[in-house]
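The values are calculated or read from the model by the stated rules, or taken from the named source; none is laboratory data. These numbers were taken from a predicted model, which means no experiment stands behind them. We work out accessible area using only protein heavy atoms, side chains counted, and drop any ligands, DNA or RNA first. Shrake-Rupley method; radii C 1.70, N 1.55, O 1.52, S 1.80 Å.
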Amino acid sequence: MDMKYEVLKYNRIKDIRNDCGLSQSHVAGELGVAQNTMSQYETGERNIPNEAIIKIAIIYKTSINYLLGLTDEKRPYTKK
């Protein structure tokens, strides 16, 4: 994956958490990981497992493509 998208992914995960008014500890609890793991996800020190990206998208009510920096549209896709 292009480095531009990697940096964007980590920034978006942190920014959208802040936009939602949630703490790292809260989101970490929802994901079943330690707070420092969530911090490492947000800074790019640790790769985010696919399962965690899916859960993060659900928590923040956004699309995985938005989190990955593939679109600027925050709204999730509608289910058919």
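Would you mind getting the accessible area per residue of the chain, heavy atoms of the protein chains only, 1.4 Å probe, in Å²? Walk me through the numbers before you get to the answer.
Values: 5190 Å² over 80 residues.
Averaged over the residues of the chain, the accessible area is 65 Å².
Sequence gap at least 6, Cα distance under 8 Å: using those rules, report the relative contact order of the chain to the nearest whole percent. Write out the running numbers ahead of the final one.
On the way: 68 pairs, mean separation 25.8, N = 80.
Contact order relative to length: 32 percent.
Couplings 3J(HN,Hα) of segment 68-77, computed from phi: 7, x, 8, 8, 9, 7, 6, 5, x, 6 Hz, in residue order, whole Hz [Karplus 6.51 cos²θ - 1.76 cosθ + 1.60, θ = phi - 60°; x for Gly and Pro]. For ILE48, no residue whose modelled amide H falls within less than 5 Å of its own remains once neighbours fewer than 5 places apart on the same chain are excluded. Applying the Karplus relation 6.51 cos²θ - 1.76 cosθ + 1.60 with θ = phi - 60° to segment 48-57 yields 3J(HN,Hα) values of 8, x, 3, 4, 5, 4, 4, 5, 4, 4 Hz, where x marks Gly and Pro. Using the Cα gyration tensor of the chain, with a ≥ b ≥ c the square roots of its eigenvalues, what is the shape: rounded (a/c below 1.5), prolate (a/b larger than b/c) or oblate (neither)? Cα axes put the chain in the oblate bin. Total lysine pairs in the chain at Cα distances under 17 Å, for residues eight or more apart or on different chains: 12.
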